[in-house]
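> Take this structure, written in structure tokens, and hold onto it; I'll ask about it next.
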Amino acid sequence: MATPAYAEQITFISQGGAYQEAQTRAILDPVAKKLGITINQDSSPDAWPVIKTQGATGKPVWDVVDTPTKDCIRGGEQGLIEKLDFNKIPNAAKMPEEYKTPYSAAYEFYSSVLAYNKSKFGDNPPQSWADFWDVKKFPGTRALRNHPLATLEAALLADGVAPDKIYPIDVDRAFKKLEEIKPYITVWWTSGGQSAQLLSDGEVDMEMAWNGRVSAVQKEGGDVGFTFNQGFLQNTSLCILKNAPNLETAIEFVNEALAPEIQANLPLEIDYGPGNPEAFKTGKIPAERATELPSAPDNAAKQVLISTQWWSSPEGEAVQKRWAEFIQKP
């Protein structure tokens with residue numbers, strides 16, 4: 001009796017919630033249809049511990065992960081993530097080199113931006129981190145994320161460092177500048193939901209927040225605004241587990257998921273920008289919509305691309321400990 005032919009498949013992991021639902025409609029379903037494969041999904045808000053556990057067995061269950069780029073880099077360095085053969089991923093060819101690493105390719109973008117209460121500031125809202133630090137010219141309550149990533153960079157911009165001179169981060173200088181603003185920070189937020197609530201309730205007059213969270217407050221009628229000027233462009237990436245059970249299909253999937261036509265679907269579903277800027281040339285993203293997206297070329301040019309390489313370095317890792325001490329200090 002002949003063995004039935006099984007369709008090719010992969011197991012794909014993302015972060016769950018509205019984001020994973022949006023990418024299923026925008027990217028996963030169209031790719032599955034185009035390639036004629038089955039995409040099994042799972043979600044993990046923090047994939048790194050699972051990547052380590054599965055890698056230790058040498059027989060992982062997952063194939064492709066959508067995760068912060070840092071996981072892909074350190075996973076690659078520790079032999080847990082496959083090195084990508086970009087000759088097999090032609091759709092990534094025109095992506096900026098800084099959007100790729102030997103182990104990953106950018107999948108979607110979001111930004112940490114300066115958001116503010118419009119009624120509080122009228123026609124003169126804060127437009128830079130120097131403004132955020134200027135408590136005399138821009139009085140009001142403030143919030144920052146309880147995390148060093150992007151917060152240290154903001155401090156350096158506030159201190160006059162040029163955007164292209166942020167890395168390697170002068171850690172001492174950044175913390176010195178943060179000491180200046182610390183007495184004026186009413187909340188150090190720990191989740192995107194909390195940051196949105198602070199704005200929505202009017203509990204803070206300005207804060208660093210993720211652009212999608214601010215947009216959500218705006219859509220609910222919140223009188224808030226934000227600027228991409230001096231924003232921090234961040235992204236998740238696609239990477240493939242070492243010894244992935246469906247390696248060849250996984251590579252085909254990554255290539256197709258990065259196709260401009262497919263990538264252009266994502267911002268039609270959710271407030272994230274495509275990882276492949278070629279998506280903006282497809283005609284699928286309306287010009288007005290592009291102005292709202294962090295990775296649109298005009299908006300990307302105003303921002304600092306977060307250096308995952310620096311944050312993955314020993315210096316970047318060491319900052320986490322110093323940050324905890326900084327926050328706990330009265």
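The values are calculated or read from the model by the stated rules, or taken from the named source; none is laboratory data. Predicted model only: the values in this text are computed from it and were never measured. FYI the Cβ positions are ideal-geometry reconstructions off the backbone, even for glycines, and counts take in every protein chain you see. Accessible surface areas use protein heavy atoms only, side chains included; no ligands, DNA or RNA. Shrake-Rupley method; radii C 1.70, N 1.55, O 1.52, S 1.80 Å.
> Determine the per residue accessible area of segment 1-67 with all protein chains present and a 1.4 angstrom probe, expressed in square angstrom.
54 Å²
> With r as the distance between the Cβ atoms of LEU247 and LYS33 and R0 = 22 Å, compute the FRET efficiency 1/(1 + (r/R0)^6) and round to 0.05.
0.55
> On full extension of the chain, what length is gained from LYS137 through ARG25, given 0.36 nm per residue of separation minus the C-alpha to C-alpha distance?
35.8 nm
> Separation between the GLU315 and GLU269 pseudo-spin-labels, each 7 Å from Cα along Cα→Cβ, expressed in nm?
Each label point is offset 7 Å from its Cα along the Cβ direction, giving 3.9 nm.
> Hey, another quick one. Would you compute, from DSSP H runs of 4+ residues alone, the mean residue ellipticity of the chain at 222 nm, taking -39500 (n - 2.57) per run and dividing by the full residue count, rounded to the nearest 500?
-9500 deg cm²/dmol
> Estimate the FRET efficiency between ALA130 and LYS88 by the formula 1/(1 + (r/R0)^6), using the beta-carbon distance for r and 45 Å for R0, to the nearest 0.05.
0.50
> A follow-up question, please. What's the FRET efficiency of ASP42 with GLN78 using the Cβ-Cβ distance as r and R₀ = 22 Å, to the nearest 0.05?
0.55
> Using only C-alpha positions, report the orientation-averaged shadow area of the convex hull of the chain, nm², one decimal.
18.2 nm²
> Heavy atoms only, probe 1.4 Å: what % of the accessible area of the chain goes to carbon and sulfur, would you let me know?
Summing carbon and sulfur atoms, their accessible area is 50 percent of the total for the chain.
> Hey, what's segment 202-286 come to in accessible area per residue, 1.4 Å probe, Å²?
33 Å²
> Can you compute the label reach from ARG173? Point 7 Å from Cα along the Cβ direction, backbone N cut-off under 20 Å, restricted to segment 292-320.
Only 303-320 pass the distance filter.
> Considering lysine pairs in segment 1-118 that are 8 or more places apart or on different chains, how many have Cα atoms under 23 Å apart?
15
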